[in-house]
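Chemist: Quick one: the structure is below, questions incoming.
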Amino acid sequence: VLREEYKKIELILEKIKNFNETPVLCHGDLRRDNVISQGEHLYVIDWEWAYLCDAAIDIVGYYMWNIFFELEEYSTEKYKTFMDNFSNISKEKFEIYWLLQFFSDLTWLENYIAVNPNDIDKKRLFKKNKDFFIKLLKQWD
């Protein structure tokens, strides 16, 4: 289903080569359920998706999973408002990393549905997120 979108993602990936960021250790799945709070300390667990990359990828992923996906309604306006709060990450970088994270998550969800075709909730979630993703992707035409 996402094959058409994959072609556009490949073109967007080319832009990452221009960022020239020093890679650092990133978590790769930084969500609230992977952070444990004990007193004044925070512990990050579940490192099996860790890799070396631009730290902005983890920042975008964290906010995407912990703030944006908690919104009831996905809209271009909410996305733009959310994105505008990141002055330390360039708009282009933020948008590219956002799209890549979104695409990665949709691909995972699509594969999950292929193995679990009776999961109606995941099918609804996929449809809702895919439609929003395609709206975002059209901005790159």
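Each value in this text was obtained by applying a stated rule to the coordinates, not by laboratory testing. Predicted model only: the values in this text are computed from it and were never measured.
Chemist: Which pairs in the list Lys91/Lys123; Lys7/Lys93; Lys17/Lys130; Lys17/Lys138 are over 29 Å apart, alpha-carbon to alpha-carbon?
Modeler: Violating the 29 Å Cα-Cα cut-off are Lys91/Lys123.
Chemist: Just to check I understand the Karplus step: with θ = phi - 60° and J = 6.51 cos²θ - 1.76 cosθ + 1.60, what whole-Hz values come out for the stretch 88-105, glycine and proline as x?
Modeler: Working through the residues one at a time gives 8, 10, 4, 4, 4, 5, 4, 4, 5, 5, 4, 4, 5, 5, 4, 4, 4, 5 Hz.
Chemist: What does the C-alpha gyration tensor say about the overall shape of the stretch 97-141? Classify as rounded when a/c is under 1.5, otherwise prolate if a/b is larger than b/c, or oblate.
Modeler: prolate
Chemist: For Asp54, list long-range residues whose amide hydrogen, built 1.01 Å from N in the peptide plane, is under 5 Å from its own amide hydrogen.
Modeler: Counting only residues 5 or more places away or on other chains, the set is Val24.
Chemist: Next question, about the same structure. Lys8 to His41: extension gain in nm, 0.36 nm per residue of separation minus the Cα-Cα distance?
Modeler: 7.7 nm is the gain from fully extending Lys8 to His41.
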